[in-house]
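One structure is given below, encoded as C-alpha cells.
The values are calculated or read from the model by the stated rules, or taken from the named source; none is laboratory data. Bear in mind that the values here come from a model prediction, so they are computed numbers and not experimental data. All Cβ positions, glycine included, derive from the backbone under ideal geometry; neighbour counts span all protein chains shown.
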Amino acid sequence: MKTSRRLSGSAAFMLALLIAAPQSVAAPTPQSQPSSPASVDRATLNLRDFDFLVAKIAANYAGWDTKVTAATRPDLDALTARLRVRAATASDDEFAAIAQEWIGFFKDRHVQFGQLAQHGAAATSNQKGAAARYPALNWTEKSVRARLAALGDKRDPVEGIWSIGGDRYRVGILRHGTAPGRFAAVVLTTTSEDWRPGQIKAELAYGADGKLATLYRRGDHGEEKTTASVVASGAAVSLEGWGIWSREIPEVADADAVARAFPSDTMFLKRLSPTTLWLRMPDFSDERYKPLKDLLEAHRDDLAKAPNLLIDLRDNGGGSDFVYEVLLPFLYTKPVYTIGVEMRASADNLTLRREVADKIRKQSPDTAATLDAQNALMEKNFGGYFSADARPFSVQKYDQVLPFPKRIAVMIDGAGSTGEQFLLDARQSHKVTLFGQRNSAGVLDFANVVGMNLPSGRYQVAWATSRSMRLPDDPVDTGGIAPDIRIPDSEKDPVKFVVDWLDRQRD
C-alpha cells in the first residue's frame, strides 16, 4: 500500500487552496498558543508571527534545500528583511498579503498561508451583529417565484433562482431599479452564519459588450468588482474569479449541462450513456473515503458490466492517497510502480505527522501503521532527510484484472497534489486514457502537507514535509501532467467530447 499523504483535509488547493489572495483556513491546530491581540502592541504581535512563519518554513519545509541555494539565498534574505519592516505596522489583512508575498518566493502551492476563519467567540458575535446591517431587499422565495412566473418568456437570461457552492447560498436574481439592464441577486436561503435571507449578494448591470458588470459581496461582506456572463445555454452564471452559479428556477432541461461544462463541487456516480458511467471526484480529502466506498458499492452491479468509465478529476484539490486506492482495482492491468519520497526530519514534522496518523487510524489503519513506522524513522534522523520506505519505489499488485470497465477516461484539467499522484498511477494501466483542455496543476514534487497556527492565532501556515525522488530529472511541478488526448479549447462540452470518444472505441 502506498503511504504518502498530500494536502490533507479540506486544504481546497484544499485549505481553500490558499494560492491566491489570503483566504480562510477551516480549523486551527493546537501547536501554538494564541496571544490576545489586546495584550500586546501590534508591532510585537506582527513581528512575532512573521518571525515564526520564517523560522517554521526554514526548519521544516522539505523544499528548503532545493529552493534556497547559494545563488538564491541573497534574494530571499533581502525579501525577508524588506517584508519584515512592512509587517511591523501592517493591519491583519495587510499582514496576510505580506506573508503571501514571502511564501511566493518558493513557487510551491504546497507552501500555504491563510487567515483563520474565526478569532474567537467575540469575533463571531461581532460578525453576526454586523450581518444584519448590510444592504437588503424584502424579497422572499415566494415573491421571486411569483415574479419569474409573471415574466414568462420576457424573463432575462440572468433572472432566476441560482445556487452557489451547493447549498451555501441560493439567490434570486431579478430586475431592480429604474435603469434598464440592472439586476440584484438577493439571498433566499443560506448556510452561512454571516448572511441573512434578503441581503444583496450581488448587483449586476449589462455593459455594451453584453457582459454583466458585477459588484459581488464575499462571505465576509467585503465588495469585489468583477464580470459575470450567462453560460451553458443559460444554465449557469460564470462569475470571473468567483466560480459558477447553477440555475434552479426555471428548471434546466438538461440537468447535467452545468456539471459537464464546469467541474462540480459534488461527488457523484451516474450514467452518461448506455455504455458509459461518470464518476466526479472534486478532491480526495479524508472525508470522501467512506462516501466513495459506499458510492462504489451502491453501483457495484453497474460497474461490473459498464464498458466505459469516465473519472472526472477536473480541478481536483488533492487530499490523501488512501482515499483513491479504492478506485485502483477498477483500473488495474499490471503492477503499479510509484517512485518514493524523502522526508524532512524535524520535531515539528514528527508531531504533526503523528496527529495525521491518529486522525486516520480508524478509517485507514494500514496507512496509519505505515505512518507510524515512518515517524519512528523520522525521530532518529532529526536535522536531515530520510527515505520513507526501504526501497526508493513501491510496487502495488492486485490478484485480478477486472473485465469491466474495459476503457477508463480520466479528465485531468487542473488536478493537483494527490490528484496528480493518482494520474501517475492510473496512466500505467492499459485501460486508461488521460483527457484535458489543460494540463494538471503541477503541485506534487514537494508534498505531504502539515500545518500549524501562528502565535497570535490569527493565521495558519502549512508546508510540504516530503520531496519526490523523481527529482531533479522528472519533475511534475514545472508544467503538470499532459493529457494523452488534448480536448480542443473551443469545446464547450468537454465531458460529451470524452463520452463520444469512448463510445466510438471498439474491442
| Looking at the range 448-481, which of its residues are surrounded by fewer than 22 Cβ atoms within 10 Å (Cβ to Cβ), under 20 Å from the mean Cα position of the chain (by Cα) and among the small types (Gly, Ala, Ser)? | Gly479
| remark: Scanning the range 240-285 residue by residue, those of a type in the set (A, V, I, L, M) and within 30 Å of Leu148 (Cα to Cα) turn out to be Ile244, Ile249, Val252, Ala253, Ala255, Ala257, Val258, Ala259, Ala261
| message | Going residue by residue through the range 150-169, is there one that turns out to be surrounded by fewer than 18 Cβ atoms within 10 Å (Cβ to Cβ), outside any loop (DSSP other than H, G, I, E, B) and aliphatic (A, V, I, L, M)? | response | yes
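Per-residue answers, yes or no, for (1) basic (Lys, Arg); (2) over 15 Å from the mean Cα position of the chain (by Cα); (3) modelled with pLDDT under 95; (4) at negative phi:
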position	(1), (2), (3), (4)
Asp254	no, yes, yes, yes
Ser264	no, no, yes, yes
Met267	no, no, no, yes
Trp278	no, yes, no, yes
Pro291	no, yes, no, yes
Leu295	no, yes, no, yes
